[in-house]
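Notes follow once the structure below has been shown.
The values are calculated or read from the model by the stated rules, or taken from the named source; none is laboratory data. Everything numeric in this text was worked out from a predicted model, so none of it was measured. Methodologically, a virtual Cβ is constructed for each residue, glycine included, from the backbone with ideal geometry; neighbour enumeration extends over all protein chains shown.
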Amino acid sequence: MSTLKEILTRQPMAATIRLTVPAEGARPAPLMRPALGQYRLNLMAFYKDFNARIQKYKPNTPMAVVITTFKDNTFEFTVRSPLVTWYLKKAAGLEKGSRRPGHITASSLTLKHVYEIAKVKQ
């Protein structure tokens, strides 16, 4: 958490970037390079910091990242846990959900699965 003094002395924000990055490791991929490069961020510093934060997750886990860029080309980012829908599809053994949600049931889960997902998301 930033202190009030740090917030008041910080440069104005340039943009907020939201990405979904697989946990196998951030690298100069076609998805990330244009999104981050247009704000003149230090890409290697971002990749290094991001990979250090996500070591505890399994590869191919989609991580939601919110990057806040500032006018002086610095940045801060937060890594959020995967979406509940990803956990539900993984528990059900599905790659995609139903074609017609609310009309066709793709799969069902036990209460134990739902409880475990809720514990992870806490």
**Request:** Quick one: in the range 64-81, of everything that is modelled with pLDDT of 85 or more and of a type outside the set (Val, Ile, Thr), which residue is farthest from Ala23 (Cα to Cα)?
**Result:** Glu76
**Fill in**
Residue set Glu116, Glu95; condition modelled with pLDDT of 85 or more and not aromatic (Phe, Trp, Tyr); output residue Glu116
**Prompt:** Condition test on Val114, is it at negative phi and touching a residue at least 12 places away in the same chain (Cβ under 8 Å)?
**Reply:** no
**Request:** Working carefully through the options Ala64, Ala92, find the one that is touching a Ser or Thr at 6+ places or on another chain (Cβ under 9 Å), in the same structural domain as Tyr47 (by TED's automatic domain parsing) and at negative phi.
**Result:** Ala64
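Matching residues to (1) farther than 25 Å from Leu83 by Cβ; (2) modelled with pLDDT under 80; (3) assigned to a loop (DSSP other than H, G, I, E, B):
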{"residue": "Ile7", "(1), (2), (3)": "yes, yes, no"}
{"residue": "Thr16", "(1), (2), (3)": "no, no, no"}
{"residue": "Pro30", "(1), (2), (3)": "no, yes, yes"}
{"residue": "Met44", "(1), (2), (3)": "yes, no, no"}
{"residue": "Asn51", "(1), (2), (3)": "no, no, no"}
{"residue": "Lys56", "(1), (2), (3)": "no, no, yes"}
